[in-house]
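Bear in mind these aren't lab numbers, they're just calculated from the coordinates by the rules spelled out. Note that the coordinates shown come from a computational prediction; the quantities given were computed from them, not determined experimentally. Cβ sites come from the backbone with ideal geometry, for glycine too, and all protein chains shown count toward neighbours.
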Amino acid sequence: MIVDSTALPEQAVTAIVESAFQSAGQRCSALRCLYVQEDVADTIQDMLIGAMRELCMDAPWALHTDVGPLIDAQAQKQICAYVEHARASARVLFQLDPPKNGYFVPPVLIRVDSIADLEREVFGPVLHIATFKSSELDRVISDINDTGYGLTFGLQTRIDDRVQHVSERIKAGNIYINRNQIGAIVGSQPFGGTGLSGTGPKAGGPLYLSRFRKLETVDASGSFDSVMSLTDLKTAIKVEHTPQKIHKSILPGPTGELNQISRHARAPFLCMGPGSRRGKDPSGGRQSIRRPCYHCYGRFNAKRFDQPQWHFRRYLLGKPHAKTRHRPSTGRSHRRNPSAPYRLAKRRIRARRTASLRRYNRSWRQCRAPR
């Protein structure tokens, strides 16, 4: 969730507490990371801590309960260990006192620099808070999108242009403006994520029921002996990346609330055939997967689809692979030269890339050879 300087503090704090701590934070749509503009960060933080002090932890069937227990002892142990690790780094800003009995974890507020500091999702009443300058809004949006996950997103602002600016750039399945980001209503707020948070039909939306129908089987039999040149392949991909028309519609909802659903075209999917060099297995069938054409994808393995995708993105389109944080094992201590294990890891990574490039070039020459 992003809170700018124009947001109503009382409304924003109410939405934050509901999104982060209802159901003890055990919702897939719960708020995990909060960005607050520096101009109002101190005010929002003081009001948020004051609201957290008023939360009541008790049995979930009691009407006065605000925060209930966690699902089991293992979840309690893992989240408590995470909070203690943050406390050792002096990043815990506030935490309530836990009850004596039950699998309770008190709501806690932890300071972070950005959402990139979150290595994993903490499925409990744990809220991370970061600050940003007004000129850094686009950077914040990029950091959120770079995580790859996009289920729910909240925005607290009173500027209509900012609502449009953020909504067009954020990659999330459900975007909530000036309200909490939990409790989607069937028929009014179809629920579903994008990216690593899911790309299927939204539950409770107009397209959900159609996914339970039995679709007609498409016959894809035919010849795959033709070979597309690299230039034609790049041209075809460029055409497919042309932005498609966005379909927007208004869904019913309570008075004073606007519920809008947008349908975007999916990104193109490239499926490569086995090519003309197809051998035959002992049973008489064709090895369309185990003996593919190396013309564009390199070695195509149905069990590891990420490998041909990596070849395609790096060597044909000239785009780097998705950012990966390499964590080399140190082996021994290397007291004399602390940077030795990192240099060793770099050499190994460079060697793997060189070997992969050699395999790619060799397969390219084989496919371009006269038939």
note = Expected vector for region 48-59, Karplus 3J(HN,Hα) from phi with 6.51, -1.76, 1.60 and θ = phi - 60°, integer Hz, x for Gly and Pro, equals 5, 5, x, 5, 5, 5, 8, 6, 10, 9, 7, 4
query = How many angstrom separate the Cα center of region 146-184 from the Cα center of region 94-136?
reply = 20 Å
message = Using amide H atoms built in the peptide plane, which far-off residues or other-chain residues are under 5 Å from GLY68 H to H?
response = SER23, ALA24
note = Taking 0.36 nm per residue of separation between ARG352 and SER23 and subtracting their Cα-Cα distance, the length gained on full extension comes to 113.8 nm
For TYR176, residues with placed amide H under 5 Å, excluding near neighbours = PHE153, GLY154, LEU155
Long-range amide H partners of HIS128 with built H, under 5 Å = CYS33, LEU34, ILE110
remark   = Computed ³J(HN,Hα) along region 111-123: with the Karplus parameters 6.51/-1.76/1.60, θ = phi - 60°, integer Hz and x for glycine or proline, the list is 8, 9, 7, 7, 5, 5, 6, 7, 7, 7, 7, 9, 8
task = Read phi for every residue in region 124-132 and hand back ³J(HN,Hα) as whole Hz from Karplus 6.51 cos²θ - 1.76 cosθ + 1.60, θ = phi - 60°, with x for Gly and Pro.
result = x, x, 10, 10, 9, 10, 9, 10, 8
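Which order, highest average first, do 87-100, 114-127, 41-54, 14-27 follow once you tally other Cβ atoms within 10 Å for each residue and take the mean per peptide?
14-27, 114-127, 41-54, 87-100
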request  = With r as the distance between the Cβ atoms of ASN101 and ARG169 and R0 = 51 Å, compute the FRET efficiency 1/(1 + (r/R0)^6) and round to 0.05.
outcome  = 0.65
task = Take every DSSP beta bridge with both residues inside region 1-145 and express the antiparallel ones as a percent of the total, to the nearest 5.
result = 20 percent
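Report relative contact order for region 24-138 in percent, whole number only (criteria: Cα-Cα under 8 Å, sequence separation at least 6).
Working: 161 pairs, mean separation 41.3, N = 115.
Answer for region 24-138 is 36 percent.
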ask   = Of the listed peptides 165-177, 130-142, what is their order by residue-averaged count of other C-beta atoms within 10 Å, with the highest listed first?
value = 165-177, 130-142
ask   = For labels at ARG211 and TRP61 in the simple 7 Å Cα→Cβ model, what's the distance in nm?
value = 3.5 nm
